[in-house]
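Reading through the structure tokens given below for one structure.
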Amino acid sequence: MVREILVWPHPTLKQKAQPVAQVDDSVRELIRDMFESMAAADGVGLAAPQIGVLKRVIVLDTSSKQPELKPVAMVNPEILSVEGSFVYKEGCLSVPGEAEDVERPAKVTVRYLEEQGQSQTLTCEGLLATAVQHETDHLNGIMFVDHISSLKREIIRKRMKKVQSYQAAKKARGESSAEAS
Ligand code: ZN
């Protein structure tokens with residue numbers, strides 16, 4: 001099911017997500033919804049707090065830029081090590097229409113539980129390295145706009161207020177696409 005994606009600065013996006021105790025059917029259903037919501041919004045990554053669920057779950061699909069990589073879901077991801085530096089113009093499904101350069105480590109090794117609850121370790125480079133750090137940040141209440149200058153952040157905050165009031169008006173008229181599908 002495609003879920004509604006919260007727009008920053010929604011208060012839920014500032015909260016820390018809780019670890020998943022057991023990867024059961026409800027978590028697998030959440031992962032399915034997250035993949036569907038990410039695809040519907042044409043994103044490369046999505047974290048559970050973006051659909052209002054404060055659990056440590058992220059999904060990633062960078063195959064449009066990295067065709068050799070498969071989509072991946074990570075439960076309780078932990079970044080074990082980082083290396084180098086890489087600047088990428090990041091966007092976010094919770095900050096629609098905005099993109100800014102963010103510098104992050106170029107290569108990261110992450111440990112996580114896959115959809116059957118097995119522990120995995122993956123070394124990520126390129127867009128996947130950026131995306132996994134961006135999504136892990138969401139689990140800690142951190143947005144990509146927290147990595148840019150406060151001046152740019154405040155300009156974006158004003159634009160997002162307009163997006164939110166537009167969405168609220170649309171919802172009041174019963175035109176929310178997320179709820180209709
Ligand atoms: Zn994001």
Shape call for the range 1-61, from the Cα gyration tensor axes a ≥ b ≥ c (a/c under 1.5 means rounded, otherwise prolate when a/b beats b/c, else oblate), comes out oblate
Which of the peptides 70-78, 148-156 is most tightly packed, and how do the rest follow, judged by the mean count of other Cβ atoms within 10 Å per residue?
70-78, 148-156
Size of charge dipole - the chain - debye, nearest 20, with Cβ of Lys, Arg +1 and Asp, Glu -1, no other charges
780 debye
Descending principal axes extents, the range 87-174, alpha-carbon based, whole Å:
45, 33, 19
Counting alpha carbon pairs within less than 8 Å and at least 6 residues apart, what relative contact order, in whole percent, applies to the chain?
24 percent
Classified through the alpha carbon gyration tensor (a ≥ b ≥ c as square roots of its eigenvalues; rounded if a/c is under 1.5, else prolate when a/b is larger than b/c, else oblate), the range 1-119 comes out rounded
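Out of the trypsin sites (Lys or Arg not before Pro) in the range 1-39, which ones are loop residues according to DSSP with at most 14 other C-beta atoms within 10 Å? Kindly include the intermediate steps, with their values, before the conclusion.
Working: sites: Arg3, Lys14, Lys16, Arg28, Arg32; in loops: Arg3, Lys16.
When the trypsin sites (Lys or Arg not before Pro) of the range 1-39 are filtered for loop state and at most 14 Cβ neighbours within 10 Å, Lys16 remain.
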Among the GluC sites (Glu not before Pro) within the range 103-134, which fall in a DSSP loop and have no more than 16 other Cβ atoms within 10 Å of their own Cβ?
Glu114, Glu115
Kindly provide the trypsin sites (Lys or Arg not before Pro) of the range 33-131 that DSSP labels as loop, not H, G, I, E or B, and whose Cβ sees at most 15 other Cβ atoms within 10 Å.
Lys65
Volume per residue that the Cα convex hull of the range 57-101 spans, once the total is divided by residue count, Å³
117 Å³
Under the rule a/c < 1.5 gives rounded, and otherwise a/b versus b/c splits prolate from oblate, where does the range 90-140 land using the Cα gyration tensor?
oblate
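The numbers here are math on the coordinates, done by the rules we state, and not lab data. Every value quoted in this text rests on a predicted model; they were computed, and no experiment measured them. Virtual Cβ from ideal backbone geometry, glycine too; neighbours counted across all protein chains shown.
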